[in-house]
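Student: Quick one: the structure is below, and I'll ask about it shortly.
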Amino acid sequence: MSVLSGKKVLLGVTAGIAAYKAAILVRGFIKAGAEVRVIMTPEAKDFVTPLTLSTLSKNEVYSTFVSDDNENAVWNNHVELGLWADFFVIAPATANTLSKMTSGASDNLLLATYLSAKCPVYFAPAMDLDMYKHPSTHHSFEALTSYGNIMIPATSGELASGLEGQGRMAEPEDIVRFIEDDILSKLPLKGKKLLITAGPTYEAIDPVRFIGNHSSGKMGFEIAEASARQGAEVFLITGPTHLQTKSKLITTIRVTSAGEMFDAVTNKFDQVDIAIAAAAVADYRPSRVADQKIKKKESALVINLEPTQDILAYMGSVKKNQFLVGFALETENEVDNAKGKLQRKNLNLIVLNSLNDTGAGFKTETNKVTFIKQDGTVLPQNLKTKTEVAEDLLNLILKEIHV
Ligand code: CTP
């Protein structure tokens, strides 16, 4: 899944021949999962029609401060457009528009929106090679970069004038990739590795039966996606579940039993910066797994159980600089029990789930948790979706590790 998925992209199109590529650029953003709105300078409409861009973006295209809608004048609010956008991308950006952007000129809707935009602004210059080389154009590049705008450099090749040189707008797919890479490189967990355990474990009794639990894996999967959205590389070690991951940054390692989960965790733990144990690991397993299906008999069946290894406690005992987070599912003396687990397992943070709270726990879309920090601070949370709980947990971890 692209980092642009669900993001709002405002595309500014100015009057250069590369404007015809704006159509492909709109498609590229839409394919990446973004919502797109387009503003054009009035002259850009000579190069590509607003109808093409509105059809592709599925949104009205704006080019003037006032539109005539069945003779009713409608004010196109540049401030609203600027605030709506998560990213403003000006492509193609002509020498004329770039120069006006440097000086604060705002004689069209695109420029006024640029001045009002609070989001990151990318610009992809497109012009003839001598215009591109001109000191005034370089002055524009430097000024805009000093304002914090991000330049997507033009490439070299054949230009509309027939000349060869630098000035061709970067190809639409390269513009999309440039922006994705730039966003990724600035995410707070970029360069960090996370290990997350999720789901239930199944402990075999015989070849067809097992001891398991009702965990769906949803909480752990949501934490994995939330971590990837913040740029982390994630190892998701999960017990049996039908859930699938979306982000390319997640490597899913599927296991069945507590023993297999322990092996997978010990294999990865020393490589990671943060580990979060959201799995509902079986505490006991049959001491002996029958080779053949156990046959029904008249008498009671006794299965001897032995403890499994506590994976989280193991991580706590060997951890060096890793930030370690555990979960605690409690039914009584919740906060005290969770604090006890935090100490015993040498954790940095524990997420308490109380089965006494409606909407919390297994097989629900929601969760009501309490975060407890190493210093004993108790942070009760409201009932939220598991996606929101995952975001909150990640934000708290980021605060604790001072990213
Ligand atoms: N956990 C684990 N390995 C186990 C058991 C638990 O990694 N064999 C982890 C869980 O993923 C969770 C935390 O330990 O993060 C707490 O699990 P929980 O079952 O609530 O606690 P236990 O330590 O098993 O204690 P009890 O069952 O007595 O409450």
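The values are calculated or read from the model by the stated rules, or taken from the named source; none is laboratory data. Model, not experiment: these values are computed from the prediction. All Cβ positions, glycine included, derive from the backbone under ideal geometry; neighbour counts span all protein chains shown.
Student: Would you say residue 71 is modelled with pLDDT under 95 and either within 21 Å of residue 45 (Cα to Cα) or over 31 Å from the mean Cα position of the chain (by Cα) (or both)?
Tutor: Criteria met by residue 71.
Student: List pairs: first in the range 302-324 and closer than 25 Å to residue 402 by Cα and assigned to a helix (DSSP H, G or I), second away from the ligand (no atom under 13 Å from the Cβ) and of a type in the set (D, E, K, R), Cβ under 9 Å, 6+ apart or cross-chain?
Tutor: Qualifying pairs under 9 Å: 318/270.
Student: Of everything in the range 99-115, what is surrounded by fewer than 24 Cβ atoms within 10 Å (Cβ to Cβ) and either basic (Lys, Arg) or part of a helix (DSSP H, G or I) (or both)? Give them in sequence order.
Tutor: 99, 100, 102, 103, 109, 111, 112, 115, listed by residue number.
Student: Just to be sure, is residue 295 more than 15 Å from the ligand (Cβ to nearest atom) and either in a helix (DSSP H, G or I) or in contact (Cβ under 8 Å) with a residue 12 or more places away in the chain (or both)?
Tutor: So residue 295 does not fit the description; no.
Student: Which ones in the range 1-31 are of a type in the set (Val, Ile, Thr) and either assigned by TED's automatic domain parsing to the domain that holds residue 53 or within 14 Å of residue 53 (Cβ to Cβ) (or both)?
Tutor: 9, 13, 14, 17, 24, 26, 30
Student: Name the residues in the range 7-27 that are more than 13 Å from residue 124 (Cα to Cα) and buried (at least 24 other Cβ atoms within 10 Å of the Cβ), would you?
Tutor: Within the range 7-27, 9, 10, 26 meet the criteria.
Student: Another question about this same structure. Confirm whether residue 231 is more than 14 Å from the ligand (Cβ to nearest atom), on the phi > 0 side of the Ramachandran plot and in the same structural domain as residue 327 (by TED's automatic domain parsing).
Tutor: Answer is yes for this residue.
Student: Now a separate question. Would you confirm, using the coordinates I've provided, whether residue 333 is assigned by TED's automatic domain parsing to the domain that holds residue 200, within 12 Å of the ligand (Cβ to nearest atom), over 26 Å from residue 221 (Cβ atoms) and at pLDDT below 95?
Tutor: In short, yes.
Student: Still on this model: Restricted to the range 25-68, and to residues that are part of a strand (DSSP E or B) and over 30 Å from the mean Cα position of the chain (by Cα), which residue is farthest from residue 169 (Cα to Cα)?
Tutor: Checked the range 25-68; the qualifying residue farthest from residue 169 (Cα to Cα) is 68.
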